[in-house]
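Here the structure comes first, spelled out in structure tokens, and everything after it is commentary.
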Amino acid sequence: MVSMQTTYIMIKPDGVQRGLVGEIITRFENKGLRLVGLRQLIPSNKIAEAHYAVHKDRPFYSGLIDFITSGPVVAMAWTGVEAIKVARNIIGPTNGREAAPGTIRGDFAMDIGHNIIHGSDGEETAKFELDLWFPDGVAEWQRDAESHIYE
Ligand code: IDP
Ligand code: MG
């Protein structure tokens, strides 16, 4: 199958605190993506800093690390054709106030920092983030419904 990808998706502490875990998982499942990794943890400073290293010189960096380590996140791996782009479309743009209704951020976020959810932005980032948050790997399984989702 062409362009099968796995992407790293993380419900941030605001999404967990607001009770949106089930709603968010349902959106990815309904779309046809396949859940291959799932864990809840309170991120250490070390993992948060590694995850957001690309932003370390930005003015919002220290606030972002404080936020992401402030409570539990739900770390997930989702697989599908062009899963990285598909997931980013489900999530919507960074600023919740500008995100279109129908996207997760458009429906649930009012802020640029507290924006509910993270999704990998490219193949290299996805590999780096999956290795970081799922060091033991993800689940290898096939779903019977796949033949109804893809031609
Ligand atoms: P993305 O999550 O849509 O890919 P990035 O630009 O990669 O957005 O930024 C990573 C995260 O950093 C955002 O999701 C958001 O939580 C936070 N962030 C980005 N820009 C700002 C800002 O201007 N102020 C506060 N937080 C920000
Ligand atoms: Mg990003």
Counted charge near Ala145, where neighbours are those whose Cβ lies closer than 13 Å (Asp, Glu -1; Lys, Arg +1):
0
Roughly how many Å is it from the Cα centre of the range 21-61 to that of the range 76-100, as a whole number?
12
Calculate, in nm to one decimal, what Thr94 and Thr125 gain on full extension: separation in residues at 0.36 nm each, minus their alpha carbon distance.
9.5 nm
In whole percent, how big is the carbon plus sulfur part of the accessible area of the chain, probe 1.4 Å, protein atoms only?
51
Considering Cα pairs under 8 angstrom that are at least six residues apart, work out the relative contact order of the range 1-122 and quote it in whole percent.
38
Lysines within cross-link reach of Lys31: Cα-Cα under 25 Å, excluding same-chain residues under 8 positions apart?
Lys12, Lys85, Lys127
Suppose only helical runs count, i.e. DSSP H with n ≥ 4. What mean residue ellipticity at 222 nm does that imply for the chain under -39500 (n - 2.57) per run, divided by all residues and rounded to the nearest 500 deg cm²/dmol?
-10500 deg cm²/dmol
Under the 7 Å Cα-to-Cβ spin-label approximation, Arg58 and Glu151 lie apart by a distance in nanometres of 3.8
Given a 1.4 Å probe, the accessible area of the chain per residue, as a whole number of Å², is 55
Which of the trypsin sites (Lys or Arg not before Pro) found in the range 39-131 are loop residues per DSSP with 14 or fewer other Cβ atoms within 10 Å of their Cβ?
Lys56, Arg97
Give the span of the chain's Cα atoms along each principal axis, as three whole-Å numbers ordered largest to smallest.
46, 35, 25
For the range 42-151, state which chymotrypsin sites (Phe, Trp or Tyr not before Pro) are in a DSSP loop and have at most 13 other beta carbons lying within 10 Å of their beta carbon.
Phe60, Trp141, Tyr150
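The values are calculated or read from the model by the stated rules, or taken from the named source; none is laboratory data. These numbers come from a predicted model, not from an experiment. Please note: Cβ atoms are built from the backbone with ideal geometry, for glycine as well, and neighbour counts cover all protein chains shown. We work out accessible area using only protein heavy atoms, side chains counted, and drop any ligands, DNA or RNA first. Shrake-Rupley method; radii C 1.70, N 1.55, O 1.52, S 1.80 Å.
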